[in-house]
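Read-outs: derived from the displayed coordinates by stated rules, not from any lab. Computed from a prediction, not measured in an experiment: that's the story for all the values here. So basically every Cβ, Gly included, is an ideal-geometry build from the backbone, and we count neighbours across all protein chains shown.
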Amino acid sequence: MITGVNHVTLVVSDLARSLAFWQGRLGLTLRAQSQGMAYLEGGTLWLCLEHGTPSLREDDSHIALSCTPEDYHTLCARLAEAPVWKVNCSEGASLYILDPDGHKLELHLGDLASRLAQYRATPPQDLTLY
C-alpha cells in the first residue's frame, strides 16, 4: 500500500543555479551534495537534484508544494520573477511557476480534503465523488 511520496528527483542542467532556486528562494535545506547531485529537504519533501539534460513534457504534469498560509505571500514574492505556466482556476491559492530548468511547480494552499469539499459544494458535471 502506498503511504505517501518517498522522494522527487529532478534532472537539472546547472546544479548551482538549481540549488540557488530550491534552497535560496524556496527555503529547502541542503542535506547532501556531490559534483553531480544534491539532496534537499523541505518538511516531508525529499528532493534530489541530479545533473543532466532535462526533457520536459507539454502537459499538466507538475509538483505541488505546500506551505503555511503565513509563508505563502513571502514565497510568492521571492518567486515573482519565475515564469508562470498556468493561472489558478481551482480551489485554494496557487502559484504555478517554472524552476530554472522548466520543471512545472505549484505552490498551493489547500489539501485533498479542501479540494473535495469544494467539489461537493459545487460539483462539476462529469465528476464522481467517492
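Quick notes
- Length added when fully stretched, LEU45-THR122, from 0.36 nm per residue minus Cα-Cα: 24.6 nm
- Share, in percent, of DSSP beta bridges within the stretch 1-63 that are antiparallel, nearest 5: 65 percent
- Antiparallel bridge percentage (DSSP; both residues within the stretch 1-111; nearest 5): 65 percent
- Rg and Dmax of the stretch 1-107, both derived from C-alpha coordinates alone, stand at 13.7, 40 Å.
- Taking Cα atoms only, the orientation of helix 69-78 departs from the longest principal axis of the chain by about 50 degrees.
- Rounded Å value of the spacing that divides the Cα centres of the stretch 1-45 and the stretch 96-112: 14 Å
- ALA93 long-range amide H proximity, modeled H, under 5 Å: LEU109
- Contact order normalised by residue count of the chain, Cα under 8 Å, 6+ apart, percent: 21 percent
- Between helix 112-121 and the chain there is an angle of about 30 degrees, using the helix long axis and the longest principal axis of the Cα atoms.
- Rg to Rh quotient for the stretch 1-58, alpha carbon positions, Kirkwood Rh: 0.99
- Two-site label geometry, ARG17 and SER90: point separation in nm, points 7 Å out along Cα→Cβ: 2.9 nm
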